[in-house]
Amino acid sequence: MSVVVGSGDYKYEVIENWGALPDGWTFNEVAAVAVDAQDQVYCFTRGKHPVIVFDRDGNFLRAWGDGVFKRAHGATIGPDQTIFLTDDGDHTVRQCSLDGKILMTIGVPGKCATYQCGEPFNRCTHVAFSPEGEIYVSDGYGNSRVHKYSPDGKLLFSWGESGSDPGQFNIVHNIVTDKDGWVYVADRENNRVQVFDPDGKYETQWNNLHRPCALYMDTTRNDPICYVGELGPGLGVNKDAPNLGNRVDIYDKTGKRLARLGDIWPGEKPGQFIAPHGLAIDSQGDIYVGEVSWTIMGQHLQPPRELRSLQKLKKLN
């Protein structure tokens, strides 16, 4: 019997064991997911094969990027149907063709900006695009900034600093935009999503989230909606508490929650999540979820083992 998550207009069937890997391959974990115009699904992994591509039925198509990336973090399809891959271990954003040719690199490979100096990059995390094709980069673990670039990779300006006040950040973990140009930033350890205008002016924030980690803005609708993946507790004293993260929520652009997907407990059972870290939606409204399950739980198991790190949720009409 299939498992269904969500409510109202946002119900999804959990497709178990989606994504068939070649014999002997593993994901290790899937940090990010992106979907192109043909509904091909790009999984940015922390295993030996960084970019693994499937069709929407989960059939393996190709893989690339071996030996190029140090630590997968973000993946975004650009307006020209190239893919931007954010590597927080190498402090770079690489624009690649969909068959793996590197077209542009933003940042200096292996060169880390001084911690919290505000200059790009110190463990950058994700990329989004303005309606005009300008590039926003969230930065990240070792900075508290958002950088805005021209389409050809020239830095225009940056904003943000460490803190918890409006416009300040405590781990800038993800970023998306809507078709009107508003910028939504997952301010992870401040437990909020902040909203800015295209010039970096603070407008508002969404509260009552738990460590928002993954963001995806569906702009195919007249009323864009945002999907938010939330991490679970990060402290030993509350790591076993229920109803704290490890779920996917759906919001309208005003911050009203429309649905909540997932159990109150983390896990590998259908309907549960472990650290949803990357999200993407295909043309049919199906959701692809990348989970950093090894980082959060796998390495602490005895003996350590690989956990499920990729899920598909099929939209029910």
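Hey, got the dipole for the chain? About the Cα centre, +1 on K and R Cβ, -1 on D and E Cβ, debye to the nearest 20?
Numbers: 32 positive and 41 negative charges, 115 e Å.
Once rounded to the nearest 20, the dipole reads 560 debye.
With each label modelled as a point 7 angstrom along the Cα→C-beta vector, the R305-S162 pair spans 4.0 nm.
Global dimensions of region 4-315 from alpha-carbon coordinates: Rg and Dmax equal 17.8, 50 Å.
Rounded to whole Å, give me the distance from the Cα center of region 88-164 to that of region 211-290. Region 88-164 and region 211-290 have Cα centres spaced 24 Å from each other. Once you divide the Cα radius of gyration of region 180-226 by 2.2 N^0.38 Å, the number left is 1.16. Projected over all directions and averaged, the alpha-carbon convex hull of region 116-259 occupies 8.6 nm². Annotation: extensible slack from Y202 through Y115 equals 28.9 nm (criterion: 0.36 nm per residue apart, minus Cα-Cα distance). Normalised by 2.2 N^0.38 Å, where N is the number of residues, the alpha-carbon radius of gyration of region 190-317 equals 1.10. Charge tally for P198 (other residues, Cβ to Cβ under 10 Å; Lys, Arg +1; Asp, Glu -1): -3.
Every number in this text was worked out from the coordinates using simple rules, so none of it is lab data. Quick caveat: nothing in here was measured; it's all calculated off a predicted structure. Methodologically, a virtual Cβ is constructed for each residue, glycine included, from the backbone with ideal geometry; neighbour enumeration extends over all protein chains shown.
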